[in-house]
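The values are calculated or read from the model by the stated rules, or taken from the named source; none is laboratory data. If you're wondering where the values come from, they're calculated on a predicted model, not measured in any experiment. Heads up, the Cβs are rebuilt from the backbone with ideal geometry, glycines too, and the neighbour counts pull from every protein chain shown. All accessible areas refer to the heavy atoms of the entire protein, side chains included, with ligands and DNA or RNA removed. Shrake-Rupley method; radii C 1.70, N 1.55, O 1.52, S 1.80 Å.
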Amino acid sequence: MSEQVIEVPKQHQIALKKVLSPIHIWGLGVGIVLVGEYMGWNFSVAKGGALGSLIACWVIGLLYTCVAMIDSEVTSTVAAAGGQYTQAKHIIGPLMAFNVALYLVLAYTMLEAADATVFGDLLQEVAGNFGVANLDPKPFVFLCIIFLAWLNYRGVFVTLTFNFVITAFAFIAIILVFFGVSPWSPGVVLHHADLIHGLPYGWIGIIAAFQFGMWYYLGIEGTCQAAEECRSAARSIPLGTMSGMITLVIAASLTWYICSGLLPWEYLGQATTPLYDAARVTNSTWMQVIMFVATVFSNLASANGCINDASRAWFSLSRDRYMPPVFGAVHPHYRTPYRSILFLIPIAVSFAFTNLLDQIITFSILSGLLGYTFMSINMVRFRRLWPLGSIHRGYIHPFHPLPAVMLFLLCVTVYFATYLGYGGQLLSIMAFFIVASLWFSFHRYQYVKRGDQFTMPWPRPKGY
Amino acid sequence: MAKAHFVPKIQSKLGQFVDCILILVLVYVSLYAPLFMQGKDNGNSSNSSQKVTWQSLNQNTYEAGQWKKLGYTPQQAQPIIQTRFEYSISWPVLGLTALVIIGYYVFMLKISDKEYREVIREKFGDRP
């Protein structure tokens, strides 16, 4: 290993634009996740019955509340693109950071592919209802990804303003349909007593439901990716993330209540678009139309947010030379990580065209889960290396280390849930991350500048 | 005191391209690998040759009505209704899975710590 004394030159670099406010952070976080209420959460019903799904919704809600609390503190202090990747780089070390960035890029790119696939399938289904049989969804999937990538290329402000508007519509749509099904009159439209039959698999079914229970909230941690583009990260990230989490708990509970009161649990457990199907069986045209539009909007919002987040994570990796530095460029006019955005388009399209929706969703969920496990370790180290008062924190979360410990234990439970349903995928994905880690340590890290990785104006970490 | 900086190697364009492709290939391998393994559990369904009715599928009047609204006949709904998951635990496989996950994190944290010390030494100088 060659070492020499050099001076690090100061370079003028074009930075990402600081234009975002709390509503954009809300639009990004909720936008990525809300699609989970329109599709995906209901697979937890198949795993543990309707009641099992509700318990999973609340327990996993607790997991994500811990994630939101931890993220709010660390991100409001480490306000940089890359989010958890940059946190890992400063708090744990390069190999962890590389892995975290891979979790992020893969989780978001695969979620984007899943969103676009469902968008295409939904158009195909509706076209079928109007007599256009066998509509090929692939061109629509492709156009959806291209349109959203173009939006991201043109600027973060317009991208996340668009996301805020369509996400707000999708959220309000759930509330409107909730009131539309007269929840104050059980047995009129909603028939929970006729449709809920206890726990078909007992308590182990509830644990198994945790895996898809993550779909209620998966991606809320993506708010951190926008930290470098916030006018005030210390204000926007905690406000946007916490309010986003509250929005999601409300949306998840309402969604469960509507769907479990209208659809047989066996059907619900395998439905592609459960809220839209729930609207169909009400025989109400306005509810059906609003749910169709909202399902499309939620898919677009999620894919849009995923492009934003995956590109920031890839950009950050490349900026630090963890991956080829060519992708670390910022557009001189739009001030977006345009090369990363463009690079990820064909990858997302290829994932969408694999017809492996199951595998893609499981890979996405597991990448998220590995990231949450990291967060619990990261939080404990963060407080230990820089105790309260040693650096300025934008936000300090209460009850430390309780959220970190709780998050870790819940992650262990979800690993077990994943083993119950997708043990093969779990081992396969772990093998991928182990091989990627070896590749990074023994090959890729030789291209990385060591001291340049630590960019925060903090004192030396305690114990180092 | 001047700090000693590690000078990273410069990678060729071809090398950068190969690195990107390699990661992508690994992702695809891990996506397709489970298809060739026995680990996937899609649930089991049983079909019988007897005449299927909503009653024989244990669906009450309201449930049968909802299935009809969704466009299903008892025959079409049967495989959905009768699909069941089996949550059997193979302790050796569970142990192996736990070992892989724990081993992965231990390896990653140990190597990260070694690399982190190098970063801190270069950034802040030798430990006082």
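Whenever a residue of the range A:99-117 is under 11 Å from A:G82 (Cα atoms), its partners that are charged (D, E, K, R) and surrounded by 24 or more Cβ atoms within 10 Å (Cβ to Cβ), lying with C-beta atoms within less than 7 angstrom and at least six residues away or across chains, give the pairs A:L104/A:D309. What number of residues in the range A:382-429 are open to solvent by 10 Å² or more (accessible area, probe 1.4 Å), over 24 Å from the mean Cα position of the chain (by Cα) and either over 26 Å from A:C57 (Cα atoms) or within 12 Å of chain B (Cβ to nearest Cβ) (or both)? Qualifying residue count, the range A:382-429: 9. Here the helices (runs of 4 or more DSSP H) wholly within the range A:24-131 that include at least 2 residues being surrounded by fewer than 24 Cβ atoms within 10 Å (Cβ to Cβ) and in contact with a Leu (Cβ under 9 Å, 6 or more places away or on another chain) are A:43-77, A:94-129. If you check A:I206, A:I258, A:I220, A:I246 for being within 21 Å of A:G36 (Cβ to Cβ) and without any contact (Cβ under 8 Å) to a residue 60 or more places away in the chain, only one passes: A:I246.
Say whether the condition of being of a type in the set (A, V, I, L, M) and more than 7 Å from chain B (Cβ to nearest Cβ) is met by at least one residue in the range A:451-462. The answer is yes, given that some residue of the range A:451-462 is of a type in the set (A, V, I, L, M) and more than 7 Å from chain B (Cβ to nearest Cβ).
For the range A:132-152, which positions are without any contact (Cβ under 8 Å) to a residue 24 or more places away in the chain and either of a type in the set (D, E) or assigned to a helix (DSSP H, G or I) (or both)? Passing the criteria: A:D136, A:P139, A:F140, A:L143, A:F147, A:W150.
Selection over the range A:256-268 of residues that are more than 21 Å from A:V296 (Cβ to Cβ) and within 8 Å of chain B (Cβ to nearest Cβ) gives a count of 3.
Note on the range A:267-304: residues that are under 19 Å from B:W67 (Cα atoms) and free of Cβ contacts under 8 Å to residues at least 40 places away in the same chain amount to 7.
On the stretch given as the range B:72-124, residues that are aromatic (F, W, Y), closer than 18 Å to A:V435 by Cβ and open to solvent by 30 Å² or more (accessible area, probe 1.4 Å) total 1.
Which residue out of B:E86, B:E118 is of a type in the set (D, E) and facing chain A (nearest Cβ under 7 Å)?
After ruling out the rest, the residue left standing is B:E118.
Exactly one residue out of A:C224, A:C230 is of a type in the set (A, V, I, L, M, F, W, C), in contact with an Asp or Glu (Cβ under 9 Å, 6 or more places away or on another chain) and modelled with pLDDT under 95, and it is A:C224.
Residue-by-condition table, conditions (1) among the small types (G, A, S); (2) in contact (Cβ under 8 Å) with a residue 60 or more places away in the chain; (3) over 23 Å from A:S316 (Cα atoms):
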| residue | (1), (2), (3) |
| --- | --- |
| A:L356 | no, no, yes |
| A:I360 | no, yes, yes |
| A:F363 | no, yes, no |
| A:S367 | yes, yes, no |
| A:G389 | yes, no, yes |
| A:A417 | yes, yes, yes |
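Within the option set A:V330, A:V380, A:V349, being part of a helix (DSSP H, G or I) and more than 23 Å from A:C66 (Cβ to Cβ) holds for one residue only, A:V349. So which residues in the range A:430-444 are facing chain B (nearest Cβ under 7 Å) and surrounded by 18 or more Cβ atoms within 10 Å (Cβ to Cβ), if there are any at all? Passing the criteria: A:M430, A:F432, A:F433, A:A436, A:S437, A:S441, A:R444.
Annotation note: of A:S253, A:S243, the sole residue that is among the hydroxyl-bearing types (S, T, Y), closer than 16 Å to A:F164 by Cα and either assigned to a loop (DSSP other than H, G, I, E, B) or open to solvent by 10 Å² or more (accessible area, probe 1.4 Å) (or both) is A:S243. In the set A:N163, A:N134, A:N152, only one residue is touching a helix residue (DSSP H, G or I) at 6+ places or on another chain (Cβ under 9 Å) and surrounded by fewer than 17 Cβ atoms within 10 Å (Cβ to Cβ); that residue is A:N134. Given the structure, is A:F179 touching a Leu at 6+ places or on another chain (Cβ under 9 Å), open to solvent by 40 Å² or more (accessible area, probe 1.4 Å), assigned to a helix (DSSP H, G or I) and more than 14 Å from chain B (Cβ to nearest Cβ)? Here the answer is no, as A:F179 does not meet what is asked. For the range A:279-308, the set of residues classified as over 25 Å from the mean Cα position of the chain (by Cα), under 15 Å from A:L176 (Cβ atoms) and assigned to a helix (DSSP H, G or I) consists of A:A279, A:T285, A:W286, A:M287, A:Q288, A:V289, listed by residue number. The condition of being within 11 Å of another protein chain (Cβ to nearest Cβ) and surrounded by 23 or more Cβ atoms within 10 Å (Cβ to Cβ) holds for only one of A:T336, A:T362, that being A:T362. Total residues in the range A:193-207 satisfying the condition of being open to solvent by less than 10 Å² (accessible area, probe 1.4 Å) and within 23 Å of the chain's Cα centre (by Cα): the figure is 1. Inside the range A:208-240, residues that are open to solvent by less than 10 Å² (accessible area, probe 1.4 Å) and charged (D, E, K, R) make up a count of 1. The lone criterion from (1) in contact with a Ser or Thr (Cβ under 6 Å, 6 or more places away or on another chain); (2) farther than 25 Å from B:Y62 by Cα left unmet by A:Y276 is number (2). If you go through the range B:42-71 and keep only what is open to solvent by 30 Å² or more (accessible area, probe 1.4 Å), within 9 Å of another protein chain (Cβ to nearest Cβ) and at pLDDT below 85, you end up with just B:N42. Scanning the range B:73-83 for residues that are at the interface with chain A (Cβ under 8 Å from one of its Cβ atoms) and out of contact with any Ser or Thr (no Cβ under 6 Å at 6 or more places or on another chain) turns up B:A77, B:I80, B:I81.
Within the range B:94-107, being at the interface with chain A (Cβ under 8 Å from one of its Cβ atoms) and over 19 Å from the mean Cα position of the chain (by Cα) holds for one residue alone: B:F107. For A:R450, the criteria (1) touching a helix residue (DSSP H, G or I) at 6+ places or on another chain (Cβ under 6 Å); (2) touching a residue at least 60 places away in the same chain (Cβ under 8 Å); (3) open to solvent by less than 30 Å² (accessible area, probe 1.4 Å) hold in every case but one, which is (2).
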